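Peer 1: Input: one structure, supplied below.
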Amino acid sequence: MRIAILAERAPGESRVAATPETVKKLTALGATMSIEEGAGQAASISDEDYRDAGAQVLSAAKAVEDADIVMGVQAPDVAALKGAKAGAWVAAVFDPFGQKDRVDAYAKAGYEALAMEFMPRITRAQSMDVLSSQSNLSGYKAVIAAANTYGRAFPMMMTAAGTVSAAKVFVMGVGVAGLQAIATAKRLGAQVSATDVRSATKEQIMSLGAKPVFVESVEGIEGEGSGGYATEMSEEYQKAQAELVSSHIAKQDIVITTALIPGRAAPRLITDAQIATMRHGSVVFDLAVSQGGNVEGSVADQVIEKHGVKLMGFSNTPAHLAADASALYSRNLFNFLNAFWNKEAGQPVLDEEIGDAVRLTKGGEVVNERLKG
Ligand code: NAD
């Protein structure tokens, strides 16, 4: 059983799908690990570190030769898999709704594409969930980046020259990233408020010492919603939410937006007119910028000034924390393979619940239910 790790090819991608820690653990299961030269460089892992952990460090073509499994952060192009075994598994983030052609190419080439972002949100899969591990770091980084761009301090400071007041931070969307954003802003000393469409988040917001700001006139999503994901809201809800946000946002210094709906463009949460009501020097960080954006006018990887307010967001936020993001991502992959490792077969054998959820292609066909119709 050979597991290959290629260097990431996507622009700006600094993460890597295995670390020396996971190389050791996968080797202990019986796998031979082959890593492309330089694959860990941007995540502060040297070829020497991988060799010391027991991996073979090879050219891309050699690393992938005879591989049973190829692991990536972002799925490689099919051409990069030349030489891998027929029907090899490729475990990575595929962006299956956005990159349908790539999914078709995997099917045609006969590989088994396993989309890590399709991991079901069930308790036993939590440790394999790359969306959660990467969102957690993204929520943290969004606050740190916004604080860095903000020309004022976060905590209240009483100095001999007078008092600096605490920044007011508003977090929109309280999933994994939003909760970490709240916790980070609190640690920095800000006054934090937050909102979501799911009523279950109210308690979570309060447990972190922040203030919930919720639409009460129209019902949102009771409890956790389907599989923890939000769905598109009614027009009536969107109108009530816009009114609530308008009255709240004018008093905020920093807004962090994190709202996503899987497979669809991110919902628009902040309009240009609402931005115009904010204080000059305020910062809006749009974590959904690469999925269409929660904020009107935000542009990935740029700081755009509108009405004296700075709008920002990264196309790949976890890549700004490459070492930690790689460590967590590669543990997710290890946990996934380890949970299904069959000792007699010397390879992982997926069960139906998780296998059917993550498998996009098999035997030359696109087989995932979410991609059909
Ligand atoms: P997400 O990235 O899908 O979305 C971020 C947040 O934005 C969500 O809380 C969502 O409700 C909110 N949102 C969507 N549309 C909105 C709108 N119009 N206005 C305001 N907010 C909006 O969410 P996530 O971080 O993946 O987490 C969602 C839930 O799933 C959480 O409760 C999380 O704990 C749970 N979860 C469970 C597991 C598991 O059990 N294995 C794994 C991951 C997440």
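Only the coordinates and a few stated rules stand behind these numbers; no lab work does. No experiment lies behind these values; they were computed from the predicted model shown. Heads up, the Cβs are rebuilt from the backbone with ideal geometry, glycines too, and the neighbour counts pull from every protein chain shown.
Peer 1: Quote the Stokes-Einstein diffusion coefficient, in whole µm² s⁻¹, for the range 54-206, based on the Kirkwood radius over alpha carbon pairs, a temperature of 25 °C and a viscosity of 0.890 mPa s.
Peer 2: After rounding, the answer is 130 µm²/s.
Peer 1: Next question. Against the empirical 2.2 N^0.38 Å scaling, what ratio does the C-alpha Rg of the range 141-298 come to?
Peer 2: Computed over Cα atoms of the range 141-298, the ratio equals 1.01.
Peer 1: Can you list residues whose amide H is under 5 Å from Arg198's amide H, if they're 5+ apart or on another chain and H is modeled 1.01 Å from N?
Peer 2: Ile221
Peer 1: Moving on to the next point. Return a whole-number percent for the relative contact order of the chain, with Cα pairs under 8 Å and 6 or more residues apart as the contact set. Intermediate values should be presented prior to the final figure.
Peer 2: Numbers: 803 pairs, mean separation 68.5, N = 373.
Once divided by the residue count of the chain, the mean separation gives 18 percent.
Peer 1: Given +1 on the Cβ of Lys and Arg, -1 on the Cβ of Asp and Glu, and no further charges, what dipole in debye does the range 1-87 carry about its Cα centre, rounded to the nearest 20?
Peer 2: In total the dipole reaches around 240 debye.
Peer 1: Rounded to the nearest 20 debye, what is the charge dipole size of the range 135-315 about its Cα centre when +1 sits on each Lys and Arg Cβ and -1 on each Asp and Glu Cβ?
Peer 2: Result for the range 135-315 is approximately 720 debye, rounded to the nearest 20.
Peer 1: Could you work out how far the C-alpha centroid of the range 350-365 sits from that of the range 269-311, in angstrom?
Peer 2: Each part's Cα centre sits 39 Å from the other's.
Peer 1: Choose one of Val197, Leu6, Gly98: the residue whose Cα lies farthest towards the positive end of the charge dipole of the chain (beta-carbon charges +1 Lys, Arg; -1 Asp, Glu; about the Cα centre).
Peer 2: Farthest along the dipole direction, towards plus: Val197.
Peer 1: Give the percent of DSSP beta bridges with both residues in the range 135-315 that are antiparallel, rounded to the nearest 5.
Peer 2: Of those bridges, close to 25 percent are antiparallel.
Peer 1: Using C-alpha positions alone, give me the convex hull volume of the range 161-225 per residue in cubic angstrom.
Peer 2: Cα-based convex hull of the range 161-225, divided per residue, equals 77 Å³.
Peer 1: Can you give the charge dipole size of the chain about its Cα centre, rounded to the nearest 20 debye, using +1 on the beta carbon of Lys and Arg and -1 on the beta carbon of Asp and Glu?
Peer 2: On the way: 35 positive and 43 negative charges, 153 e Å.
It comes to approximately 740 debye.
Peer 1: Please report the relative contact order for the range 135-315, taking Cα pairs under 8 Å with a sequence separation of at least 6, and give it as a percent rounded to a whole number.
Peer 2: Normalised by residue count, the contact order of the range 135-315 is 18 percent.
Peer 1: Based on DSSP, what percent of beta bridges with both residues in the chain are antiparallel, to the nearest 5?
Peer 2: 20 percent
Peer 1: May I pose another question? Round to the nearest 0.05 the FRET efficiency obtained for Lys24 and Ser59 when R0 = 22 Å and r is the Cβ-Cβ distance.
Peer 2: For Lys24 and Ser59, the calculated efficiency is 0.45.
Peer 1: If you don't mind, there's one more thing I want to ask. Could you pull out the longest piece of the chain with no exposed loop GluC sites (Glu not before Pro) in it, calling a site exposed if DSSP puts it outside H, G, I, E, B and it has at most 15 other Cβ atoms within 10 Å?
Peer 2: Details: sites that count: Glu37, Glu216, Glu219, Glu222, Glu224, Glu232, Glu344.
Here the longest segment lacking exposed loop sites spans 38-215.
Peer 1: Would you mind pulling out the separation of the Cα centroids of the range 172-209 and the range 1-70, in Å?
Peer 2: 37 Å
Peer 1: For the range 278-373, build the convex hull from the C-alpha positions and give me its volume per residue in Å³.
Peer 2: In the range 278-373, the Cα hull volume divided by residue count equals 167 Å³.
Peer 1: Kirkwood hydrodynamic radius (Cα pairs, Å) of the chain?
Peer 2: 21.9 Å
Peer 1: Taking Lys251 as the anchor, which lysines have their alpha carbon closer than 21 Å to its alpha carbon, excluding any fewer than eight residues away along the same chain?
Peer 2: Once the sequence-local lysines are set aside, what remains near Lys251 is Lys168, Lys186, Lys202, Lys211, Lys239, Lys306, Lys310.
Peer 1: Can you return the lysines within cross-link range of Lys343? Criterion is Cα-Cα under 26 Å, with same-chain partners fewer than 8 residues away left out.
Peer 2: Cross-link targets: Lys24, Lys25, Lys85, Lys362.
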